[in-house]
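These notes concern the structure reproduced below.
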Amino acid sequence: MSKRVVMESGIMEISVNRVAESRINQVDFDNIPFGREFADHMFVADYADGEWGDFRIEPYGNMLFTPAMLGLHYGQTIFEGMKAYRNVEGQIMMFRPTDNFRRLNVSAERMCMPTISVDLMMEALKELLKIDEEWVPKSTSSALYIRPFMFATDEFLGVKPSDKYRCVIFTGPVGPYYTTPLKIKVEDVYTRAAKGGTGSAKSGGNYGGALLPTKLAQQAGYHQLLWTDSIEHKYIEESGTMNVMFQIGDTLVTPPTGDTILKGITRDSVLTLAKSLGMKVEERRISVEEIRAAYDNGGLLDAFGVGTAATIAPIELIGFKGSDMVLPPVEERKMSKTISKELNAIRYGEVEDPFGWMISMN
């Protein structure tokens, strides 16, 4: 069957091939691991001859490609992450999806890939969610994770932008990404991103290059890294795969985004919410030495990572030059707990959404 979707830019035809039998009964929704369970269907679009087409929703499953596929060799791969929630009234609501699709296009431009209409992606996602709506968890501690991604598909062994691409959206129910507060280590040898590089894009290579230093930190007893700048290893940039924030005194402080720091959607949401709650907020460079000085004088009251997967992930301690800065117990922290509570209340429809962040699938 096919579905005609009316958009501002015209009419999109999506062919729909439903699964014969859903796998949803195989999932324990009371114990959902992050990133291991996937819904029945996925949306697929292909780019060729300068335009996107062949729009389809089909069963989630393997895709067949040649070993010479360009995306496997030269890193033209980008992705996004967002979530949908079932609010207290049972409605399925997406959190800031248009912002994620706009950022996908920012990444595409940086990686010399074609952009794709935000309008098109929104309508495709809505149709996908309508088909797989039963996969959206009913618990307020869970959500449906949404993964759009794009990759080069040319059959060619040569370093150049591909002429063909595929864009896919698939989903899956998830529980918490981190189940305990994080122990992180300041990284002063390896670099996540360099000035002029691809740090502001959600490109696969950014994450692949982080695996070894993260593994070394985990072997030393930490969960994640606190990335520093590539020139001096002096200024804080991100924490693991998240933006990072600190409470110093009565002020929420976070590094500014740029070509080495991803412009996080959750980051922006936290800052917007904090300002609306009357909290002091500063976006500026933060040195590791400033954090240590604040810790030494009792002014470092909170630290946490922010991102789609983890939302707000409290940091328990920060390892630096052989010693650990142990932060106040999570249960005693007020700023991050207040922000997290307010953000979740908006996402699950417990309070009014004054920012227009939540968008219905209908």
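Quick one: length gained pulling A20 to T272 fully straight, 0.36 nm per residue minus the C-alpha distance?
Working: separation 252, 0.36 × 252 = 90.72 nm, distance 4.44 nm.
Separation in residues times 0.36 nm, less the Cα-Cα distance, equals 86.3 nm.
Based on DSSP H runs of at least 4 residues, each adding -39500 (n - 2.57), what is the mean residue ellipticity at 222 nm of the chain after dividing by all its residues, to the nearest 500 deg cm²/dmol? If you can, show how the numbers build up before the last one.
Values: 8 runs with 80 residues, N = 362.
The helix contribution divided over the chain gives -6500 deg cm²/dmol.
Taking a 21 Å limit on the Cα-Cα distance, which of the listed pairs K195/K263; K215/K337; K83/K126; K185/K215 fall beyond it?
Details: K195/K263 15 Å; K215/K337 29 Å; K83/K126 13 Å; K185/K215 12 Å.
As for pairs spanning more than 21 Å Cα to Cα, those are K215/K337.
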- prompt: Against the longest alpha carbon principal axis of the chain, how many degrees, from 0 to 90 and to the nearest 10, is the axis of helix 118-131 turned?
  reply: 80 degrees
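How much net charge surrounds E316 when only the other residues with a Cβ under 15 Å from the Cβ of E316 are counted, with Lys and Arg +1 and Asp and Glu -1? Display every interim value, and only then the final one.
Working: positive: K183, K185, R333, K337; negative: D302, D324, E331, E332.
Around E316, the charge tally is 0.
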task: Sort out for me the Cα centre separation of the stretch 36-102 from the stretch 264-300, rounded to whole Å.
output: 33 Å
field: Anisotropy class of the stretch 232-345 from Cα gyration tensor, a/c 1.5 cut
entry: oblate
- prompt: Percent antiparallel among DSSP beta bridges with both residues in the chain, to the nearest 5?
  reply: 85 percent
query: Using Cα atoms only, what is the angle between the long axis of helix 265-276 and the major principal axis of the chain, expressed in degrees (0 to 90) to the nearest 10?
result: 50 degrees
- request: Could you calculate the contour length gain from D188 to R102, that is, 0.36 nm times the residue separation minus the distance between their Cα atoms, to one decimal place in nm?
  value: 27.7 nm
task: Once you've got the GNM for the chain with C-alpha springs shorter than 10 Å, pick whichever of G319, G50, G349 has the biggest mean-square fluctuation.
output: G50
- line: Helix 335-347 sits off the longest principal axis of the Cα atoms of the chain, rounded to the nearest 10 on a 0 to 90 degree scale, by 20 degrees
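With r as the distance between the Cβ atoms of F65 and E134 and R0 = 22 Å, compute the FRET efficiency 1/(1 + (r/R0)^6) and round to 0.05. Display every interim value, and only then the final one.
Working: r = 30 Å, r/R0 = 1.39.
The value I calculate is 0.10.
If r is the Cβ-Cβ distance from A220 to K337 and R0 is 35 Å, what FRET efficiency results, to the nearest 0.05?
Values: r = 29 Å, r/R0 = 0.82.
Calculated value: 0.75.
Only the coordinates and a few stated rules stand behind these numbers; no lab work does. This structure is a prediction, so every number in the text was calculated from the model and none was measured. Cβ atoms come from the backbone with ideal geometry, glycine included; neighbour counts cover every protein chain shown.
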